[in-house]
Every structure is written in C-alpha cells, then in structure tokens.
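Below is one structure, written out as structure tokens; the observations come after it.
The values are calculated or read from the model by the stated rules, or taken from the named source; none is laboratory data. Bear in mind that the values here come from a model prediction, so they are computed numbers and not experimental data. As a convention, Cβ positions derive from the backbone with ideal geometry for all residues, glycine included, and neighbour counts pool all protein chains shown. In case anyone asks, the SASA skips ligands and DNA or RNA and just uses the protein heavy atoms, side chains included. Shrake-Rupley method; radii C 1.70, N 1.55, O 1.52, S 1.80 Å.
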Amino acid sequence: MHLVPTQDEVVQLLRRNGAIRDGHFEYPNGLHATEYIQVQLAMRYYQHAKVLSVGLSRLLRANPEIRAMIPELSIVSPDTGGLAVAYGICEALRAHQVYWADHKDGSGALQFRQYLEQKPGEKVLLVDDILRSGRNLVELKRLVESTGAEVVGLAVIIYQPTPKTADFSPLPFFYLAKLDAMYYMDAGSCELCKRGEPIEKVWI
C-alpha cells in the first residue's frame, strides 16, 4: 500500500469489505445506477479507516495553503456518516477540532448542536466519506458561511459524480478515488429496468 493509496488500492480495500456493490440500485433522488458505494462498511475497521484517512490527510498536507491553516483548522462533517473520516483526518493532521451538523428537528435542515458557536473567520474544511450529489455538503457549506466562518476546502474518500452533482469550484477539492457508475435519470430511461433486472432501493 502506498503512503497515499492509489485508486486501485482504494477500490480493492472497499471491495474486500463489501463497500462497493455491483447491481441495480435506485437512489432517493430517483437516479438508477449500476454501482453502490457505502464507505462506512470499510471504515468500521480501524486499520482500514486509518489507511484511508491518513492517505487523504497527506493530500491535504501537500497543499501549501491548507498546510499553513492546520493549527487553526476545523474539520466539519455534514452528519455522522462522515465523522470517522473527519476524526481520522483531524488526528493525522493534528488540526484544531472536529464537529458536525445533523438533522435534529422536523424541518429536515442541517443544524449545529446547541452551544456550538463558530467564530467569524474560522477556517473550515468540509469532510465526508463520499460525494455523489453533494446535497448535504451544499447545505453544510451554506450553514457554515451563515455564521461568518470560511470554508477553505472539501475532502472525501470517494468522488462518484452523478448527473446531478453540485459544483463546488473554486474550492480546492481532495479525494482518494474517483469512481464512475452508469446512471439513468429515472426508471423510464434505465436499461436495467428494461431488462427486468431486480432493483434495490438505497437510503443515501
């Protein structure tokens, strides 16, 4: 394994843990896909979580602007799904702190925990396990910036863009592997549906 795992090494690690699945999947936004990735299945194991988080942290440290911010850098995740990555990166970088937002009430909006106060100008790195549509990360970025904090970058283990993926440019964006699945906008255009292949609905 390289110090920064190659794309092939990341894929092999995820497949060994059942975190990459081939088949016929329907996402909550209606997209159909030939592949589903759940990074948390690999992050359950300390040794794998460390390999992935430390590898991603090395990409971050190689960026001179991010490296200069590390002593005051906050690592923030949009929900608990990305927390294992966030804590792993914070430990590897020796960054300042980790926290997250979640959906606490019936509004469905992301919010920070009570008494968690961001400081104007606080440097924030958004972290998650995977970027597909980017919906939660878009909402988190908006929430962070509404407090006067500054989002300085975005980091994920896996980048799996869909036809609906948000554009975060010009933010620096870091990932260990980019994986492409075949996506269909709906059941009507899905070749797998036309062939009558069994479908599995996924939550996220």
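Points to keep in mind about this one:
- Ranking Val202, His2, Met185 by Cα position along the charge dipole of the chain, where only Lys, Arg, Asp and Glu carry charges on their C-beta atoms, puts His2 farthest toward the positive end.
- Checked against a 21 Å cut-off, the cross-linked pairs Lys104/Lys141; Lys141/Lys201; Lys141/Lys164; Lys119/Lys141; Lys164/Lys201 give Cα-Cα distances beyond that limit for Lys141/Lys201.
- Summing Lys and Arg as +1 and Asp and Glu as -1 over all other residues whose Cβ lies under 12 Å from the Cβ of Leu176 gives a net charge of -1.
- Whole-Hz couplings from phi, Karplus 6.51/-1.76/1.60, listed for region 129-140; x for Gly and Pro: 7, 8, 10, 10, 6, x, 4, 5, 5, 4, 5, 5
- Of all accessible heavy-atom area on region 133-204, the percent that carbon and sulfur account for (1.4 Å): 54
- Using heavy atoms of the protein chains and a probe of 1.4 Å, the accessible area assigned to Lys123 is about 50 Å².
- When Rg and the Kirkwood Rh are both derived from Cα coordinates, the Rg/Rh ratio for region 71-141 amounts to 0.95.
- Estimated inter-spin distance, His96 and Asp186, nm [label 7 Å along Cα→Cβ]: 4.6
- Counting charges near Val11 (Lys, Arg +1; Asp, Glu -1) among other residues having Cβ under 14 Å from its Cβ returns a value of -1.
- Applying a DSSP loop filter and a limit of 13 other Cβ atoms within 10 Å to the chymotrypsin sites (Phe, Trp or Tyr not before Pro) in region 1-81 leaves Tyr45.
- Cβ-derived FRET efficiency at R0 22 Å, Asp22 paired with Gln47, nearest 0.05: 0.35
- Max mean-square fluctuation residue, GNM over the chain, Cα-Cα springs under 10 Å, options Gly134, Gly148, Gly55: Gly148
- Those chymotrypsin sites (Phe, Trp or Tyr not before Pro) in region 160-204 that DSSP places in a loop and that have at most 12 other beta carbons within 10 Å: Trp203
- Gyration tensor verdict on region 109-178 (Cα atoms; rounded if a/c is under 1.5, prolate if a/b is larger than b/c, oblate otherwise): prolate
- The chain: angle of helix 83-93 to the longest principal axis, Cα-based, in degrees nearest 10: 40
- Subtracting the Cα-Cα distance of Ser146 and Lys119 from 0.36 nm times their residue separation leaves 8.6 nm of extension gain.
- Note that the chain carries a Kirkwood radius of 17.7 Å, evaluated over its alpha carbons pair by pair.
- The chain: most fluctuating residue of Asp180, Asp128, Asp167 per GNM, C-alpha cutoff 10 Å: Asp167
- Angle in degrees between helix 7-16 and the longest Cα principal axis of the chain, rounded to the nearest 10: 70
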